[in-house]
Amino acid sequence: MICERCNQKEATVHMAQMVNGDYKEIHVCADCAQSLGAFMSPFTMSDMFQSLSGLRTDRGQSCPSCHLSYSEFKRTGMLGCADCYKAFSKELLPMISALHGSTAHVGKSSPQAAEGSGEEAAPVDERQKLKEELQLAIKEERYEYAAQLRDKLKELEADGNGTV
């Protein structure tokens, strides 16, 4: 996509703004964005993981399989192997929850994708999902949210309907 302002360079900055109730989106090159006063700073996955894990302390632990240290993960934003997820689970679970809203993987399929393919979407076990979310809420001491989840679970069990 070409810059909408100079019509010369590749548009790498996508800005959106609301002016008098009208939503406007523009796509400009970095130079034009800077001239428009857009604040830009380099952002990496490492920055994101460091900001999300800022409350956690580095206990000097490392992965028993690949020997990656937690501080190295924070610096690069990349894990060394599958066992790193277990080794750093205390630090990773809150980050994953903050990024995705849950730590349970429910798959990539959606009802829209199933409609287009002619096959039926696999039902997600709502009870199991709620139970896992409830455990996480309790672990993170979010008791009001945990009570709401508990009530939803009771409703589902009373209806005898645990799938969506």
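The values are calculated or read from the model by the stated rules, or taken from the named source; none is laboratory data. Bear in mind that the values here come from a model prediction, so they are computed numbers and not experimental data. Glycine also receives a Cβ, built like all others from the backbone with ideal geometry; neighbour counts cover every protein chain displayed. Accessible surface areas use protein heavy atoms only, side chains included; no ligands, DNA or RNA. Shrake-Rupley method; radii C 1.70, N 1.55, O 1.52, S 1.80 Å.
A few notes on this one:
- The set of residues in the range 12-27 being farther than 19 Å from ILE2 by Cα and open to solvent by 80 Å² or more (accessible area, probe 1.4 Å) consists of GLN17, MET18, ASN20, ASP22, TYR23.
- Remark: pairs (first residue in the range 141-164, among the aromatic types (Phe, Trp, Tyr) and modelled with pLDDT of 80 or more; second residue open to solvent by less than 80 Å² (accessible area, probe 1.4 Å) and part of a helix (DSSP H, G or I); Cβ separation under 7 Å; 6+ apart in sequence or on different chains) = TYR145/ALA137.
- Annotation note: of ALA38, ALA30, the sole residue that is surrounded by 15 or more Cβ atoms within 10 Å (Cβ to Cβ), at pLDDT 65 or above and under 30 Å from THR12 (Cα atoms) is ALA30.
- Residue in the range 53-63 that is of a type in the set (A, V, I, L, M, F, W, C), at pLDDT 75 or above and surrounded by 13 or more Cβ atoms within 10 Å (Cβ to Cβ) present: yes
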